Amino acid sequence: MTFFKQAPPALGNQYDDDRVLRSYLSRVLPVGVLNEIQESLRELGRLAGGELYELQLADRLNEPALTQWDAWGNRIDKIELTPLWRVAERLAAEHGIVATAYERKHGRLSRVHQCALAYLFTPSTDIYSCPLAMTDGAAWTLLTSGNQELIDRAVPHLITRDPKEFWTAGQWMTELTGGSDVGLSETIAKQEGNSFRLYGRKWFTSAISSQIALTLARPEGNPAGGRGLALFYLETRDEHGRPRNLQINRLKDKLGTRKVPTAELTLDGTPARLVKGTTDGVRNIALLLNITRLWNGISAVALMRRGLALSMDYAHKRVAFGAPLSEKPLHLDTLATLQAETEAAFHLAFYVAELTGQSEAGELSEEDARLLRLLTPVMKLTTGKQAVLVASEVLETFGGAGYVEDTGLPLLLRDSQVLPIWEGTTNVLALDTLRALQSGENDLKLGLARLSLAVSRCLESVHNPRLADAVRVARSALDHAATWLTEAERLGQPALEAGARRFSLTLGRTMELALLIQHAQWSQDHEHDPSSITSARRFATSGVDLIADAALL
Ligand SMILES: Cc1cc2nc3c(=O)[nH]c(=O)nc-3n(C[C@H](O)[C@H](O)[C@H](O)COP(=O)(O)OP(=O)(O)OC[C@H]3O[C@@H](n4cnc5c(N)ncnc54)[C@H](O)[C@@H]3O)c2cc1C
């Protein structure tokens, strides 16, 4: 007797198959640049949908291992990575997934190129994006620190394409006292000549396999709070591979990101050097966080896209009630909603990449620098939430198979769930959004006007009548945000804080809608493709304005 066998979902070339990515790159890159970089993207798309994806499925049950002692009683704290991560490390260097942003072959557009590479690489490498994000952030922080000694020592390793020379970086901020309120850090830095030794406990240190870390500690005698902390550079192991006066107490047993070795550490005289000044560590590490938040957004859209790619393929293979799911109107409606959400998130994440690239190339106006300051937390918090929502729905589109581990699908949900937590939780970033609105003129309404201008720039040349309703939704959500802000300011700080999450998500979703509308108009005009118009119309009806009136609460 032969039983029914279900064909599994499959992936093609993840660059060639990605309408949204390809259409976006055609809009923002000059033809010459696109032609030059296309092969690098196609090659990574091939790997991500082919060998790497196969390796990822085969590596599913492997996890990093910590060996604390050798056979003779020596403390070694050795970390063994999984095969997938070892391959990912080599490929990341060879494909320049950090390096591309620093080689700057295409000026400000190199950041877009790099983010496109990261977007293709991320979903098949089980959050290897985590050490890459921190490596990128550390490179930028060091390069802008003016500390030539550290720049010469570390940056060439962080941005090399040679896997043998490649270093990754950790960022050690969170302590048991607080990950959001890092000003409570208890780690002490004792000065010894020109260098320092660090004493304390770090509670979440991801990718502890990294060669270096940037961390926060309080030089002895400094005041309490964030200002009294300084930013330090350290190398985790000596020339024999032994930890430098630090102990890995254990690896965290986590819901997801299980390939990432996230450790709890004791620093017991760890040698470290100041990166920039003896105070203002929290402010100085913000440069790193801007980059890791960008990576967070790119990872969010990358995981959403992976879920959809698998789900859309499966819809052609799974038959129910006499026809493939791809012919069932309600299933198609479900997928179209997820597509719209993903497409909207994509445009916001990549818009922040564009602004970041302009900033790094010194081509950003003061106004747009403030817009970038605002959109970075807004983008991170908005896309993080969308990733969890989309991953959850994607699992459901597979029915029971979506809940079964050896399909490889549950990973999508578990890994997505970290995106709203690390690099600043949704609430913490919502409060940061209020601070960002005040940057410059110290006036929340002027900050909001800056975002309104960015939305208007997207909408000004839209003329397709099918987009008219979506344009109205974007404008009305912004008007509501402005009314709420006035009212909440009048009611005072508690009202502002209480509504900050709904307000920030509304700004994020409105900006996403505006960018999606802009792209939809362009795609219709230049590619005669109405797909993005369909997504924009759908996204406009998927809850853009989430604000509840301050007085009602
Ligand atoms: C897998 C993983 C890896 C990580 N890797 C690293 C790493 O490599 N390096 C590192 O430094 N950290 C790392 N972290 C830590 C992470 O950044 C923190 O967990 C996160 O910033 C939150 O800090 P916390 O856990 O102390 O939560 P808390 O700060 O205690 O927050 C608890 C809750 O309170 C809310 N909250 C806090 N303050 C406010 C406020 N003022 N108003 C309203 N709500 C508020 C938060 O939104 C959250 O919901 C990692 C975390 C995870 C899960």
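Do we have any residue at all in the range 291-299 that's touching a Gly at 6+ places or on another chain (Cβ under 7 Å) and among the aliphatic types (A, V, I, L, M)? Yes, the range 291-299 contains a residue that is touching a Gly at 6+ places or on another chain (Cβ under 7 Å) and among the aliphatic types (A, V, I, L, M).
Is it the case that Asp333 is surrounded by fewer than 20 Cβ atoms within 10 Å (Cβ to Cβ) and farther than 30 Å from Leu288 by Cα? Yes: the conditions hold for Asp333. The sole residue among Ser535, Ser504, Ser523 that is under 16 Å from Val378 (Cβ atoms), in contact with an Asp or Glu (Cβ under 9 Å, 6 or more places away or on another chain) and crowded, with 19+ Cβ neighbours inside 10 Å is Ser504. Counting residues in the range 373-387 that are more than 14 Å from the ligand (Cβ to nearest atom), open to solvent by 50 Å² or more (accessible area, probe 1.4 Å), more than 19 Å from Ser129 (Cβ to Cβ) and in a helix (DSSP H, G or I) gives one or more. The residues of the range 389-411 that are open to solvent by less than 30 Å² (accessible area, probe 1.4 Å) and under 13 Å from Tyr314 (Cβ atoms), listed by number, are Val394, Leu395, Thr397, Phe398, Gly402, Gly408, Leu409. Scanning the range 138-196 for residues that are of a type in the set (Gly, Ala, Ser), touching a helix residue (DSSP H, G or I) at 6+ places or on another chain (Cβ under 8 Å) and in a loop (DSSP other than H, G, I, E, B) yields Ser145, Ser180. Among residues of the range 367-382 that are within 13 Å of Ala454 (Cβ to Cβ), none has a beta-carbon under 6 Å from a residue that is open to solvent by less than 10 Å² (accessible area, probe 1.4 Å) and outside any helix (DSSP H, G or I) at least six positions away or on a different chain. Within the range 127-182, the residues that satisfy the criterion of being more than 17 Å from Arg111 (Cα to Cα), surrounded by 24 or more Cβ atoms within 10 Å (Cβ to Cβ) and of a type in the set (Gly, Ala, Ser) are Ala169, Gly170. Does at least one position in the range 418-438 carry a residue that is open to solvent by 40 Å² or more (accessible area, probe 1.4 Å), within 16 Å of the ligand (Cβ to nearest atom), touching a Ser or Thr at 6+ places or on another chain (Cβ under 8 Å) and not in a helix (DSSP H, G or I)? Yes, the conditions are met somewhere in the range 418-438. Every test in (1) in contact (Cβ under 8 Å) with a residue 24 or more places away in the chain; (2) open to solvent by 10 Å² or more (accessible area, probe 1.4 Å) is passed by Asp253 save one, and that test is (1). Return yes when Leu515 is modelled with pLDDT of 95 or more, within 16 Å of the ligand (Cβ to nearest atom) and under 18 Å from Ala449 (Cα atoms) and no when it is not. Answer is no for this residue. The requirement of being out of contact with any Pro (no Cβ under 7 Å at 6 or more places or on another chain), among the acidic types (Asp, Glu), near the ligand (Cβ under 9 Å from one of its atoms) and at pLDDT 95 or above is satisfied by Glu175. Is it the case that Val87 is without any contact (Cβ under 8 Å) to a residue 40 or more places away in the chain and surrounded by 19 or more Cβ atoms within 10 Å (Cβ to Cβ)? Answer is yes for this residue. Any idea how many residues of the range 185-215 are within 11 Å of the ligand (Cβ to nearest atom) and among the basic types (Lys, Arg)? Number of matching residues: 1.
The values are calculated or read from the model by the stated rules, or taken from the named source; none is laboratory data. Only a predicted model underlies this, so the values are computations on that prediction, with no experimental measurement involved. Because the Cβ atoms are built from the backbone with ideal geometry, glycine has one as well, and the counts that use them run over all protein chains shown. Side chains are part of the model used for accessible areas, which takes the heavy atoms of the whole protein and leaves out ligands, DNA and RNA. Shrake-Rupley method; radii C 1.70, N 1.55, O 1.52, S 1.80 Å.
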